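The values are calculated or read from the model by the stated rules, or taken from the named source; none is laboratory data. Because the structure is a prediction, the values reported are computed rather than measured. Ideal geometry is used to build each Cβ from the backbone, glycine not excepted, and the neighbour counts take in all protein chains shown. Note: accessible area is taken over every heavy atom of the protein model, side chains too, but ligands, DNA and RNA are not part of it. Shrake-Rupley method; radii C 1.70, N 1.55, O 1.52, S 1.80 Å.
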Amino acid sequence: LIFDIGFSCILCPFTKMNVSLSKVLAADTAGHEIHKIHEYASLALAGATPIAALAAKDEPLEKIANIVLGVAIPIHSHVALNACVSDYIPSAARGAVRGGVLGVTAVTFLGLLKLNVFGAGITQSVKGLWNKPQKA
């Protein structure tokens, strides 16, 4: 049972996009609004990734890139994972799996938000993979 609750697009308050929960659950086949949101997320990732890579630690530009990445990564992944659900999951199980994908998307968003607000941020966390560990 899917409840069709409508809400305005958080990413696009300047547009007239209305997105329902059923569209979010079936994001890959939901139509123009979700496709546009996915496209904006892709553009945000394409722009924020080089900025994040080149920005110095604790610069405002790095913080902006972290926030953009923290929003765009879960949105982009959500739509792409729903495409995998459509391709590989039997029709009878898609509703439950799509609910799971939505849960994973929510946890990913909250985890990246926590990393950006209370931790080192996405950029410094990724850059840290190439740093030598500091000796105690």
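Over the chain, with every protein chain in place, what whole percent of the accessible area is carbon and sulfur at 1.4 Å, could you tell me? Don't skip to the end; give the middle numbers.
Numbers: 6110 of 8860 Å².
For the chain, the apolar C and S fraction of the accessible surface comes to 69 percent.
Quick one: 3J(HN,Hα) in Hz for segment 113-118, Karplus 6.51/-1.76/1.60 with θ = phi - 60°, rounded, Gly and Pro as x.
Coupling constants for segment 113-118: 4, 4, 4, 6, 8, 10 Hz.
Counting Lys +1, Arg +1, Asp -1, Glu -1, what net charge surrounds Ile89 among other residues with beta carbon under 15 Å of its beta carbon? Numbers along the way, then the final one.
Numbers: positive: Arg94, Arg98; negative: Asp28, Asp87.
Its environment carries a net charge of 0.
Tell me the net charge near Gly70. Cut-off is 15 Å between Cβ atoms, Gly70 excluded, with +1 for each Lys or Arg and -1 for each Asp or Glu. Mind showing how you got there, number by number?
Working: positive: Lys63, Lys114; negative: Glu62.
Residues near Gly70 contribute +1 overall.
Which label belongs to the value computed from this structure, given these candidates for volume of the Cα convex hull per residue in Å³: [x] 144; [y] 162; [z] 132?
Answer label, from the structure shown: [x].
For segment 82-94, take each phi angle, set θ = phi - 60°, evaluate the Karplus expression 6.51 cos²θ - 1.76 cosθ + 1.60, and give the result in whole Hz per residue in order, putting x for glycine and proline.
Whole-Hz 3J(HN,Hα) from phi for segment 82-94: 5, 5, 5, 4, 4, 7, 10, 9, x, 3, 5, 9, 4.
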